Each structure stands twice: as structure tokens, then as C-alpha cells.
Amino acid sequence: MNPILIRGGHVIDPAAGVDGPRDLLLVEGKVAAMDVPGKMKHAGTEVIDAKGLVVAPGLVDIHVHLREPGQGYKETIATGTAAAATGGFTTVCAMPNTIPVNDSAETTRWMLAPERGAAIRVFPIGAATRGSLGEALTEYGSLRAAGVVAVTDDGKPILGDAIMRQALVAAARANLPVIQHAEDTRLTGGCSMNAGPVAFRLGLRGMPTEAESGLVERDIRLLAEVKDSRAHLHIAHLSTKAALDAVRRARRNGLRVTCEVAPHHFVLNEEAIGNYDTRAKMNPPLRAESDRVAVIEGIIDGSVDCIATDHAPHAAHEKEQEFERAPNGITGLESALGLSIAVLHVRHKLPLSRVIALLSTQPAAVLGLKGRGILSVGSAADAVIFDPAKKWTFQARESKSKSKNTPFDGWTMQGQISMTISEGRVVYRRN
Amino acid sequence: MPTKTQHRKSQAPRLEPKTISLSHPDSLHPNSIHPGSLLSAADLSIDKVESILRLADVLEKEDALRRDKRLFKRRVSLLFYESSTRTRTSFELAAKALGADTSLVSAQSSSIEKGESLKDTGITLRALGAECIILRSPYSGAPYLLAETTGLPILNAGDGMHEHPSQALLDLRTILAHLEIGAKITETTLKGVTVTICGDIFHSRVARSNALLLPRLGARVVFCGPTPLLPEIAAQLGPNIVIERDFDRALAQSQIVMMLRIQAERLAGLALDLEEYKARYQANVDRVAAYAPKALVMHPGPMIRGLEITSEVADGRQSAIAEQVRNGVAIRMALIMRALGGDTKVSTKSRSVSPKKGASR
């Protein structure tokens, strides 16, 4: 692996407060040096000219479904991470709702094996309960030792108070966050979109926003009960104003609660379903415009900790079904940066450094991923190089993901990625 | 550096969710919706309504042997995933009256039972020569999927809780005949007319289609029913829709009353006190005589006699229930003609008026 010198770029490293012209030297998979332009010798290095481009820490997605083991027809660890690299990500955290469920050190190690062909760094997230059945806790200590960075029953929320309380305490002991897919499924049976006038018109049963906010409030109450354990609750793909308000209140009360939002929830509202477009079907569903705006406000005022894509690939034949029968989820890795820059930076004037922080520095911090989302000397040589002003058109058929289920096909994005470097290796280079 | 690549100047970003138009050049669905389709009453312009009603008049009156040549040997498929008596039979009779060959595929006796998808079933029917598919599905929106995957004209014969647009058209024909309105359809044709739709609105595709169609012609729609079957958001379905929980008060302002069946198959665990329901929402002789002695009573069927409506009312002189069924054939002939692009030109005379016996405005 040759040393790489990225020269002439505008480095944004929110963790260090860097936002200006810098050269960056990557050696042996680590950041070796950062300095003002022109000071570093380039002899013996591969020089990358980043003139006019932004150089940022590689993006970190703490919520992806890579579908392996078990559903390789939707995605594999190799194809999913290739899509991630194309989207500027250098770290992804893989959800455990695989087949079998990742509830053991053995499955975790299988996912991490070199044979999987991951293009970038994968950190598995372990199941919080055995088989994600919500009954008995998995062994958090051994999961952590095998490499998991959090526990969750994503997609199958932990409804029981007692088991959720146990999970919070046990996870805190293992120094792992508990990630909750906040959906009170007792209120969402048979539902396929957000509750409201649009659902009524389409004749679809709707998920009330209370199904999300109610469970967030319940979890926060449990967290308060076990406050002494220093448990950390992380709310996945938060999509409603009410849930966001609950998170804000909990933080004011000194509780350790973090949350993520998905790009589709701040870019689209429920109207995107149009005439039953299954590419706009996901869970949590696209919400009312007022919730979309609330999510943007939460991003701007800092209530939202990070952006995560909830990348959920499905085969064409699965999505090409009646709306109520089609599975939930959309792909997201290749459109996340382009949408975030276009909507948050261009439209809502959020500084680019904050967009980077939301996509890299902060998600790494939420899950305690040391040396990720940061370009200080000694951290992983993970970087993304992009032109923040460049507009481009996202074409689903060109996606590296095995699946093309995205509502953003044909959309104009802003912020074109030139190169992604993972641990010192170029893993994506725009031709 | 990759930046050497040429980039075409891209368009302005289409990212404002207020103005979202999900364009999909590489869509999952390669076909656009055939213009001969009828998927939602919301897609019907006033002109289209007018031409369908006029064509229905012409076809109904036409000599049977002449009519038989209109779509002679053309192929129409009826794809029914749910049971049906009225809709299926009247679509079938309508197609046959125009000379078309019909084939019926129902869920219980086809490869659907073996797990064949709607898309594949549609492609199979198309390969067998179907030029139009009439679809009934328990899934809201299924006709859109079938239209997009086959490219054929699709007639929605009821999709889940969504819509039943041919029912709304035949109901409109029934209402117009009752009110003796024969002039050209306009935005004010039904001005001053109040239509109460009472019962299980939430699960009713008939209610949605009627409530989307009738106000466009100037009618006022009153939804009536208990909250579990009629959420407040129902009033946001379209303009000129209001909610009145008191059935007596709703009746008192109505010229037209549509009763709906409680859809036990879609209740999904909803508990309903049927005795209380009857007490508050049943169309019975006492109530109708007291509050709407002149109103036209309609029901899309199937009825549960003794629950939402009593036999005395269903069979009484204010009832238009059999008339609705009769109108179904004429309307569906017009829809099939339109779907198959048959000669839909009709004389420009005003539509004929066939006043209904009994009740009047």
C-alpha cells in the first residue's frame, strides 16, 4: 500500500475544527499528517490532486441492511459495501435482521471474515434478544468481544418493559448502546404508510405517529429508571416531531439518548407515495409535511445526532407487488450525501462542515467508533473527496447495490464524489 | 483525478418535497397507464363523465344485434381476487352484450392459488389475447400495478378500501334519472343536492369513489357513522364533504341516502356493538318516514338486511337498489367500449331521461 498524499483540497474535519486548505498524508492505513498546502514532500507517494474539492473524513452509516447471511439475492456484504464506497462511506454498521439473526459471536465473526469481500469497514450490530424474539437477552459481552458495536432488534421493536430494562442495563455493562426501532407494533398491524388524509384517500391503513413517539417515551421512562447504569439509548430512524420532542426533553433531564434520521424522512413526505409507488414504502413510513419539517428543524438545532440511511435493499420482484404486500425499505447509500448537501446545505444553509459532522463525525461518536469520522493523526485513513458544488443525476440502474429500490432514481443531486479511501486504499474512483 | 470527466449541465434540483414529482426513467414499471383505464373516480373529468353517461344511454337502447357487433370477438378478461355477484355479472353481461369474448379468472381456481403474482397473471392474460382486464382485488392500488405492468386498459372493479369507480358512475346515473336531470353534465348539475353516505365509510371503496365524484358535479356529501368506521380525516378526502354523526339530522338534509354494509371481512379486530349500531344508524321505516320521506334510498350491495337496512326500506317505494344494479350494465358497457377504443361517438342529443317510478325530488 503506497502512501497517499491528497494535495490542494479543502479539508473539513469537524472533530478538529479544521475547515480550510490542507494537504493530507495517509500512510499504512492511518492518517500520518495534515498540514497547510505545499509543505509536505510528495516523493514516494501517490499524489491525488484535490484542487477545488472537499476532503472529509469518510462517511459513517450506522444503520444499513447488508442482507448477509441469508438473503444474498437482495444484497451481499460485498455489493452493499461497494455501494457504500460509491456513496462516500468508509464505515457501515450492519443490522442483525439477517437469516439467521445475528445474535451470536459466531455469526458476527462470519460477517467480519475476509471472505465476505467487504470493500470498506463493517461493524456488525448484534441482536438485543435471542432471535430478536424479544424474550431472552443475547450475550452482550461475547458479542462485543466478537466485534459488535451496539445491540438492537431493529425491525422488531422490544415491546416488553422488563426485557427492555434488562437490555439497557446489560448493554451499559458491556459499554454498548441499545438501538431501538421505535414502533409500537400493537398500533401498526396491517398498516403500510403514515396515518392521515393521504392514507385515507388511498384506502391504506395508517401508522399513527404515536406508535413511534409512544415507544420512545416508554424507552425514555425505562432509561430514567435505570439512570445509574449510564445506559445509552439510541433511537433509530426517528421520523416524527413528537418523538423528537421526547428526545429533547430526555436530554434536558440528563439522560443519555441519541437519535438518527434518514435522508428520505427529511427529503420526502407521504405524498411521494403517489399512486402506490412501492419505492416510497418504508418503515417508519414517510410522514406528513409537518413531521418532515420538524426533522429538518431538529437537524438544524442539533437535536438530531446523525444521519443514517437505513439502506434496505429488496429484489425487484419483491417491490413489484401490491403496495400492502411489498416489503418495507429503500436503498440509500449512494444518494445520502447528494441529498443531504442539496437539502440541508443548499436549501437550508446548513454549513457543509455540519453536514459532514452529521454523516461522519457524529455517527462515529454515537457508537463510539474510535478513529472513524475524524482525520487527526493516527486515525483510520478513511476519506471522501467530493465537489460540493457539482450537480449530478442519480441513476438507480448504475447503482452498485444488487437492488434498485430507490425513490430517488433520476433525481438531481448535489455534491459529486470523486474518490473514497478506506484505510488507505482507494475503494471508489469516479471515472 | 476523476474530475477530468465531462459533466453535462444538470437541471435544477427537484428536491422540494412540496413539488415532488417522482419521475422515473428507469421505472420498475415499464408501461404508462393506458388512457382507456378507469382506476379512480378522481381521474374522471366532467367531460368524460358526460361522454360515459351518454354512451351508456346509447348502448342501452341499441338493438341487441347491432350492439353485438361493436366489440365482436374482442377479448376481455375478468380477474377477480374477491368474490362478487353484481359487479362481476354486470361487467360480464356488459362485455357480452357488445359481442366480446370474456374469460373469468378467480383466485380460488387459478394459479393465483399457487402463488402467481399479479404482474405474472396480467402478463399471462395479455399473452392469451386479453385486450382489457377488469380487476377486483383485496389490495388498495392493485389496478395501478396491473396497468403499469401490462400496459393494458384496466377497469377497477373494486380495490381494497380504495375505490370502485364504476359503482360511482352507476350511482350517478341512478341519481340523475331520479332527479330527472337530462341536460349536459356540468359543475352545477347536482347543485343543491345533498347525498348522505352512511355506515362503514372507512372500509368502503364505494364511499370514496362517490365522495370524489358527486361533489365535482355540485353535490354536497354528508358522511355519517360512528368514529371507528368514520374517522374525522375522512372529511379531507375532497371538497364539499362534511361529517354528521347524527343519522337523523343527516337524513333531514338529504335527497339521496346511500347505506353501506359493515364489512366484517375488513374490520381487523375492531369491536363494534351491533345493537347500538342499529339503534343509531339503521335505515328503518320509522326513521326514513320521519326524516327523509322523499329521499331516494340506495345501497351498493350486498346488503345485510336487518343490520344497516330493514327489508321494508330496501324493498320499499323509496328504494333504488334494483335500479342501481340495472344501471350497472349500461355504465359498464360504456366503460368497456372506452377501454377497447371502440367507436364511442354518439349523437349529440341530450341524454334521455327515464324518470324513476315512485320517489321524486
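The values are calculated or read from the model by the stated rules, or taken from the named source; none is laboratory data. As the structure is a computational prediction, the values presented were derived from the model and not from experiment. Using ideal geometry, Cβ is built from the backbone for each residue, glycine included, and neighbour counts are taken over all protein chains shown. Accessible surface is based on the protein model in full, side chains and every heavy atom, while ligands, DNA and RNA are left aside. Shrake-Rupley method; radii C 1.70, N 1.55, O 1.52, S 1.80 Å.
Determine the share of the protein assembly as shown's accessible area contributed by carbon and sulfur atoms, expressed in whole percent, with a 1.4 angstrom probe. The partial results should precede the final answer.
Details: 14990 of 29560 Å².
Percent of accessible area from carbon and sulfur atoms in the protein assembly as shown: 51.
Only the Cβ atoms of Lys and Arg (+1) and of Asp and Glu (-1) were treated as charged; on that basis the dipole of segment B:166-323 about its Cα centre amounts to roughly 480 debye.
Computed over protein heavy atoms with a 1.4 Å probe, the accessible surface of segment A:275-346 works out to 22 Å² per residue.
Label separation (A:Ile300 vs B:Asp101): 6.4 nm, computed from points 7 Å beyond Cα along the C-beta direction. Candidates B:Ala94, B:Leu135, B:Ile123 compared by Cα position along the dipole of segment B:86-162: farthest toward the positive end lies B:Ala94, with charges placed on Cβ.
For chain B, set up a Gaussian network in which alpha carbons nearer than 10 Å are linked by springs, and say which option among B:Ala177, B:Ala211, B:Ala41 fluctuates the most. Result for chain B, Cα springs under 10 Å: B:Ala177 fluctuates most.
Each residue of segment A:205-218 is assigned a 3J(HN,Hα), and the resulting list reads 6, x, 8, x, 4, 5, 5, 7, 5, x, 6, 4, 5, 4 Hz, derived from the Karplus form 6.51 cos²θ - 1.76 cosθ + 1.60 (θ = phi - 60°), x at Gly and Pro. Amide H to amide H distances under 5 Å link B:Ser106 with B:Phe80, where only residues 5 or more positions off or on other chains count and H is placed in the peptide plane.
Can you pull the Kirkwood radius for segment B:166-323, inverse mean 1/r over Cα pairs, to one decimal in Å?
Values: mean 1/r = 0.0646 Å⁻¹.
Hydrodynamic radius (Kirkwood, Cα pairs) of segment B:166-323 is 15.5 Å.
For B:Ala157, nonlocal amide neighbours, meaning residues 5 or more places apart or on other chains whose placed amide H falls under 5 Å from its own, are B:Leu135, B:Arg136.
Fully extended, how many nm does the chain gain between A:Lys349 and A:Glu28 (0.36 nm per residue separation, minus their Cα-Cα distance)? List each step's numbers first, then the result.
Working: separation 321, 0.36 × 321 = 115.56 nm, distance 3.70 nm.
Here the answer is 111.9 nm.
What order, most packed first, do the peptides A:63-73, B:301-311, A:367-377 have when packing is the mean number of other Cβ atoms within 10 Å of each residue?
Details: A:63-73: 21.6, B:301-311: 16.8, A:367-377: 19.1.
Ranked by mean Cβ neighbours within 10 Å, highest first: A:63-73, A:367-377, B:301-311.
Would you work out which of A:Asn269, A:Ala308, A:Ser360 lies farthest towards the positive end of the dipole of segment A:260-383, given +1 charges on the beta-carbon of Lys and Arg and -1 on that of Asp and Glu, about the Cα centre? Farthest along the dipole direction, towards plus: A:Ser360.
Suppose every K and R has +1 on its Cβ and every D and E has -1 on its Cβ; what is the size of the dipole of the protein assembly as shown about the Cα centre, in Debye to the nearest 20? Mind showing how you got there, number by number?
Working: 97 positive and 85 negative charges, 368 e Å.
Here the size comes out at about 1760 debye.
The simple Förster model, with R0 at 25 Å and r as the Cβ-Cβ distance, assigns A:Ala162 and B:Leu267 a FRET efficiency of 0.20. Based on DSSP, what percent of beta bridges with both residues in the protein assembly as shown are antiparallel, to the nearest 5? Given both bridge residues lie in the protein assembly as shown, the antiparallel proportion sits at roughly 35 percent.
Whole-Hz Karplus values for segment A:262-274 come out as 9, x, 5, 7, 9, 9, 10, 10, 4, 4, 5, 5, x Hz, taken residue by residue from phi with 6.51 cos²θ - 1.76 cosθ + 1.60 and θ = phi - 60°; glycine and proline positions read x.
Of A:Lys241/A:Lys319; A:Lys74/A:Lys156; A:Lys74/B:Lys119; A:Lys51/A:Lys391, which sit over 22 Å apart, Cα to Cα? Display every interim value, and only then the final one.
Numbers: A:Lys241/A:Lys319 29 Å; A:Lys74/A:Lys156 20 Å; A:Lys74/B:Lys119 20 Å; A:Lys51/A:Lys391 17 Å.
Listed pairs above 22 Å: A:Lys241/A:Lys319.
Across segment A:293-328, the residues whose backbone nitrogen lies under 20 Å from the label position 7 Å along the beta-carbon direction of A:Arg252 are A:294-305. Largest GNM mean-square fluctuation among B:Ser111, B:Ser204, B:Ser166, using chain B with Cα springs under 10 Å: B:Ser111. Per residue of peptide B:139-152, the mean number of Cβ atoms on other chains within 10 Å of the residue Cβ is 5.
Applying a 4.7 Å Cβ-Cβ cutoff to chain B, the cysteines left without a disulfide-compatible partner are B:Cys132. Our summary of shape: the Cα atoms of chain B have principal axis extents of 82, 56, 44 Å, ordered from largest down, in whole angstrom. The distance between label points at A:Tyr73 and A:Ala113 comes to 2.3 nm (points 7 Å beyond Cα on the Cα→Cβ vector). Remark: spin-label model distance B:Ser32-B:Arg305 equals 5.1 nm, labels positioned 7 Å along the Cα→Cβ axis. Simple rule: put +1 on each Lys or Arg Cβ and -1 on each Asp or Glu Cβ in the protein assembly as shown, find the dipole, and look at B:Pro228, A:Ala383, B:Ala177; the Cα lying farthest toward the positive end is B:Ala177. For chain B, the longest principal axis of the Cα atoms and the long axis of helix B:46-61 meet at an angle of about 70 degrees.
Charges were assigned to the Cβ only: +1 to each Lys and Arg, -1 to each Asp and Glu. The resulting dipole of chain A about its Cα centre is roughly 720 debye.
Relative to the longest principal axis of the Cα atoms of chain A, the long axis of helix A:77-86 makes an angle of roughly 60 degrees. Computed over segment A:298-368, the quotient of the alpha carbon radius of gyration and 2.2 N^0.38 Å is 1.36. The A:Asp19 and A:Ser142 beta-carbon pair, evaluated with R₀ = 41 Å, returns a calculated FRET efficiency of approximately 0.50. Between amide H atoms placed 1.01 Å from N, distances below 5 Å from A:Phe123 occur with A:Val92, A:Cys93, A:Ala94, all of them 5 or more places distant or on a separate chain. Mean partner shielding of peptide B:161-172, defined as the number of other chain Cβ atoms within 10 Å of each residue Cβ, is 1. Shielding value for A:183-192 is 1, the average number of Cβ atoms from other chains within 10 Å of each residue's Cβ.
Principal-axis analysis of the Cα atoms of chain B puts helix B:86-97 at an angle of about 70° to the longest axis.
Using only Cα atoms, what Kirkwood radius does the protein assembly as shown have, in angstroms?
After inverting the pairwise mean of 1/r, the radius is 28.9 Å.
Enter the accessible area per residue of segment B:166-323 (Å², integer; probe 1.4 Å; all protein chains in place). List each step's numbers first, then the result.
Details: 5800 Å² over 158 residues.
So segment B:166-323 comes to 37 Å² accessible per residue, rounded to a whole number.
Shown in residue order for segment A:306-317 are the 3J(HN,Hα) couplings computed by the Karplus curve 6.51 cos²θ - 1.76 cosθ + 1.60 at θ = phi - 60°: 7, 9, 9, 7, 6, 3, 9, x, 9, 5, 4, 5 Hz (x for Gly and Pro).
Per residue, the convex hull spanned by the Cα atoms of chain A amounts to 125 cubic angstrom.
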